[in-house]
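What follows is one structure encoded as structure tokens, with my remarks underneath.
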Amino acid sequence: MTHGKPLPSSPAMQPPGDSSIGATLVVCLGLSQLVAWGTMHYLIAVFGRPIGQEMGWSAAFVQGGFSLALVVMGGASALAGRWIDAQGGRAAMMTGCWIGAAGCALLATTTGAAQYLAGWALLGLGMRLALYDAAFAALAHLGGAASKRAMSQITLFGGLASTVFWPLGQALAQALGWRGALGVYALFLLLASGLHLAIPAARVAAHAPRHAAPAGGPGAAPARADTLLYGLVAVLAMVMQTGISAHFIELLRGLGWSASVAVTLSALLGIGQFTGRVWVVAWGHRYNAIRLNLLPSALLAGGYAVSLVVGTTLYGAAAFAFLYGAGNGIATITRGAMPLLLFDTASYGRIVGAVLKPAFVLSAAAPVALAFALDGWGHAGTLWLMLATSLVLLAASAALARRHAPRRG
């Protein structure tokens, strides 16, 4: 077998150097990620069922709104990236929160399918302008290579979004109904938009040094096997993330837990994400990102296996939520760090954007596909499907790590 060249530790995993990015900016961006993820991306998991029940829509149609948002995210990526490149992240991310608030308001007042889908289209645009991709780009333009630690730190806040907003959304829905709860979500986004005033108004680090290209030199074509394996890893991880996040509470209910217990257990997902990312920030620099990616792949497979074997017990359901959260949390970081080792960083955006096109499309289909799986195969059958998918992910991660393992002799 032909192996790729062994690689040093990923810059994203290494302890950072000095950075001009202050703690205030990190905290403000972190809090904005907490609110943006909780009010937009995780909205469907809490409100999907009551929306469908009141409007008389199928689960597949309700989830189709979230899928539409993901399609819009993919379609808006290039324009959003050019905007941040030209003007920095402040205006783009504030606008993302405003558009997201408008999307929540449309959902809160929806009277039919067209308005519902329009609300999700706005949420898709808002997510592209306000979630991690935009925040990472804004930090990179401010601090260059020294922004890596800040990027990892803000994911610690975002990783708690489900822990905070699933129980909060459930409580708001019980007190105000799902329409009133979505109105409160819109208000949260309007308030969170002000956090982005901490971002300097102009791009200040266009001159920031870039990391050296991997072996082969700048402009060298990436190995086809690396491109295919990384693409497969990214697609499977993103499909599971979007599909499961939309149905996680429903999967727990399918294991026999009541709605209130399922929401409580689901909080462990966010705690798992946070714990996994803290581990990466503290100790992940000991491993390069390609080898480190084996860990989240194994955690995801282990979580699904636990759910099938002992998910009807309290400890088993809790372990499922925690393991899935930890795996997903670490995978978010390694998925962004691996391209720095695999591809020429001068062409990072172009190459990764092309590789991830299938991921956007399939991620958009994942919530609807899982809704059909739940209807046709039940909760156990859907969990078996996810276990099989996670084992393919683990195999692809292992193949990529083997290609870049240190040569012996």
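Miscellaneous remarks
- Distance from the C-alpha centroid of the range 301-325 to that of the range 90-157: 31 Å, rounded to the whole angstrom.
- In this simple spin-label approximation, Thr111 and Gln174 carry label points 7 Å from Cα along the Cα→Cβ vector, and these lie 3.2 nm apart.
- Linear extension gain, Ser58 paired with Thr313, 0.36 nm per residue minus alpha-carbon span: 88.8 nm
- Computing FRET efficiency as 1/(1 + (r/R0)^6) for Ala259 and Val392, where r is the C-beta to C-beta distance and R0 is 41 Å, gives about 0.80.
- With 0.36 nm allotted per residue and the present C-alpha distance subtracted, the Trp283-Val361 stretch has 24.7 nm of extension available.
- Prolate/oblate/rounded label for the range 213-409 (Cα gyration tensor, a/c 1.5): prolate
- In range of the label at Ala201: residues from the range 77-94 whose backbone nitrogen is under 14 Å from the point 7 Å along Cα→Cβ: 87-92
- Computed from phi, the 3J(HN,Hα) profile of the range 70-82 under the Karplus parametrisation 6.51, -1.76, 1.60 (θ = phi - 60°) reads 5, 5, 4, 4, x, x, 8, 4, 5, 5, 4, x, 5 Hz, with x in place of Gly and Pro.
Values in this text are rule-based calculations from the coordinates and carry no lab data. Just so we're clear, the structure is a prediction, and the values are computed from it rather than from any experiment. Methodologically, a virtual Cβ is constructed for each residue, glycine included, from the backbone with ideal geometry; neighbour enumeration extends over all protein chains shown.
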